[in-house]
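Chemist: Encoded as structure tokens, here's the structure I'll be asking about.
Values quoted throughout were computed directly from the atomic coordinates according to the rules given, and no laboratory measurement underlies them. Just so we're clear, the structure is a prediction, and the values are computed from it rather than from any experiment. For neighbour counting, all protein chains shown are included, and Cβ atoms are generated from backbone atoms with ideal geometry for every residue, glycine included.
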Amino acid sequence: MGQVHIQVVLTNHREAVMARLGQFDASRVHRYETEALIDTGAVRSTIPAAVADRLGLFRLRRTDAKYADGRVEEVDMTEAVTVEILGRETEMNPMVLGEQILLGVMVLEGLDMMVDCNRNRLVPYQGSWDQ
């Protein structure tokens, strides 16, 4: 399993869509640029409560977060967030948890990227040898 730190831009997806439709002032769309941890051992993604608040995200429901040590905790999930990394974008519904932004493999799949463990960086997925 690998961990990579990378610059990421998070955007309130709802506001961005409304701005494209002319129903929201584009200059008011909440965006946040920071460093995130990509963890290939995590399936889903998490953001701290302070980041969710900074992005103006609604908490839509609660879900169980399962930790590696077997613990389970009920946490909030937010509305969609657009994740931009290295010029690629995807959407996620993160759990509100922890003190740092953690991006799991579902985001990697959405971005069609993978972790190059030898160089400890994110790279575009090249497909398998039989594709």
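Chemist: Given Leu60, Val72, Val105, which one lies farthest toward the positive end of the charge dipole of the chain, if we put +1 on the Cβ of every Lys and Arg and -1 on the Cβ of every Asp and Glu?
Modeler: Leu60
Chemist: Between Asp112 and Ala50, what is the spin-label point distance in nm, taking each point 7 Å from the Cα along the Cα→C-beta axis?
Modeler: If labels sit at Asp112 and Ala50, their model points lie 3.6 nm apart.
Chemist: Another question, if that's okay. At 222 nm, what value in deg cm²/dmol follows for the chain if DSSP H runs of at least 4 each add -39500 (n - 2.57) and the sum is divided by all its residues, to the nearest 500?
Modeler: Computed mean residue ellipticity for the chain: -4000 deg cm²/dmol.
Chemist: Just to confirm the filter: which trypsin sites (Lys or Arg not before Pro) across the range 50-131 are DSSP coil and have at most 14 other Cβ within 10 angstrom of their Cβ?
Modeler: Arg71, Arg119
Chemist: Moving to a separate point now. Explain nothing, just compute: Karplus ³J(HN,Hα) = 6.51 cos²θ - 1.76 cosθ + 1.60, θ = phi - 60°, for every residue of the range 45-57 in order, whole Hz, x for Gly and Pro.
Modeler: Whole-Hz 3J(HN,Hα) from phi for the range 45-57: 10, 9, 9, x, 4, 5, 6, 4, 5, 4, 8, x, 7.
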